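The values are calculated or read from the model by the stated rules, or taken from the named source; none is laboratory data. All values reported here derive from a predicted model rather than from experimental measurement. For neighbour counting, all protein chains shown are included, and Cβ atoms are generated from backbone atoms with ideal geometry for every residue, glycine included. With ligands, DNA and RNA removed, areas are computed over all heavy atoms of the protein, side chains included. Shrake-Rupley method; radii C 1.70, N 1.55, O 1.52, S 1.80 Å.
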Amino acid sequence: MTKGLFLCATLLLLWALPARAADTRTQVFVIGADVNAQGEVTQTQPEADTAKPLAAALDLALKQWRFEPARQDGKAVPAHTFIEARLDAIPEDSRNYTLRISYVRHGPTWDRRLQPSYPAVAIGLGATGLVAMAGTVRPDGKISLTDARSVVSGGRGRPSLLKAAATDWFQRHAVSPETVDGHPAAARIRAYIEFRLDDRNQAKRASPPPHSEKERAALLQVGFRDTGDHTRMETPEISSVLQVRSIDPVTMQP
């Protein structure tokens, strides 16, 4: 990466994420990636609104990562996936920054901006809780629900209000599937949604509290992996046709 591109990428990240000079600036990107039969990233397709210098930095980093290739009838074949990567601009001093690009996840992708509705009736009844769901992503990108578990308090005997809202949200997502040798691939998906109220009985936007034991049990029942350290489970979990081989963070300096 040339010094000019590096400088442009750093400035773009700093302008997009205003903060104090001593802060690390962070942004997460979702990048389409072609992976050949040797597990190498050969082409990348950033989101349409990604500035060219940032796209160049991401392309350079992703092409250093390696995957176990997809297989069809026992033979390694090319695939297309989506890689989520975090770009950090780390201050070295008052004038210089280091760019670091780190792997987050890969696989099919869905629109995280689609938010579930918190039913007004459920809010009025004080219903709160968690709904965990599992399903199958079909090759056409639609989700078929296979399991749903809820842990709900309040609601005066109407916990189904939150479960119905959650499963509707889950199935309304259109997933962008991976492809294997040019053909869309099915996948397994798990997700959960939390419904919380603040002290004024309004939908809570802040980070919810850690999962209760009952909530963790519901998450495990639909197939979420137990982290073993009681940290919050990431959502969604979507299976991939590729396995990670080498995804070390990539550091860039001018």
Name the pairs whose Cβ atoms lie under 6 Å apart, with the first residue in the range 170-188 and under 16 Å from residue 32 (Cβ atoms), the second of a type in the set (Asp, Glu), and 6 or more positions between them or separate chains?
185/178
Of all residues being more than 24 Å from residue 113 (Cα to Cα), in a loop (DSSP other than H, G, I, E, B) and open to solvent by 70 Å² or more (accessible area, probe 1.4 Å) in the range 158-183, which is modelled with the highest pLDDT? Just the residue, please.
181
Under 7 Å between Cβ atoms, at least 6 apart or on separate chains: pull out the pairs that start in the range 237-254 with a residue that is closer than 30 Å to residue 139 by Cβ and part of a loop (DSSP other than H, G, I, E, B) and end on any residue that is of a type outside the set (Lys, Arg) and open to solvent by 40 Å² or more (accessible area, probe 1.4 Å).
242/68; 247/103
I'd like the full set of residues that are among the hydroxyl-bearing types (Ser, Thr, Tyr) and closer than 18 Å to residue 246 by Cα, limited to the range 68-100.
81
Tally, over the range 41-61, of residues that are crowded, with 17+ Cβ neighbours inside 10 Å and under 17 Å from residue 241 (Cβ atoms)
1
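For the range 210-221, what are the residues that are assigned to a helix (DSSP H, G or I) and open to solvent by 20 Å² or more (accessible area, probe 1.4 Å)?
Once the filter is applied, which keeps residues that are assigned to a helix (DSSP H, G or I) and open to solvent by 20 Å² or more (accessible area, probe 1.4 Å), the range 210-221 yields 213, 214, 217, 220, 221.
Does residue 89 meet the test of being aliphatic (A, V, I, L, M), open to solvent by less than 20 Å² (accessible area, probe 1.4 Å) and either assigned to a strand (DSSP E or B) or modelled with pLDDT under 80 (or both)?
Yes: the conditions hold for residue 89.
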The listed residue being modelled with pLDDT under 95 and either exposed (fewer than 14 other Cβ atoms within 10 Å of the Cβ) or polar (S, T, N, Q) (or both), out of 98, 81
98
Out of curiosity, is residue 52 over 21 Å from the mean Cα position of the chain (by Cα) and within 29 Å of residue 23 (Cβ to Cβ)?
yes
Select from the range 101-124 the residues that are open to solvent by 50 Å² or more (accessible area, probe 1.4 Å) and not in a loop (DSSP other than H, G, I, E, B) and list them in ascending order.
103, 104, 120, 121, 124
The number of residues in the range 222-248 that are exposed (fewer than 13 other Cβ atoms within 10 Å of the Cβ) and modelled with pLDDT of 90 or more is 4
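Any idea which residue in the range 141-157 is farthest from residue 109 (Cα to Cα), counting only those that are open to solvent by 60 Å² or more (accessible area, probe 1.4 Å) and assigned to a strand (DSSP E or B)?
My answer is 153.
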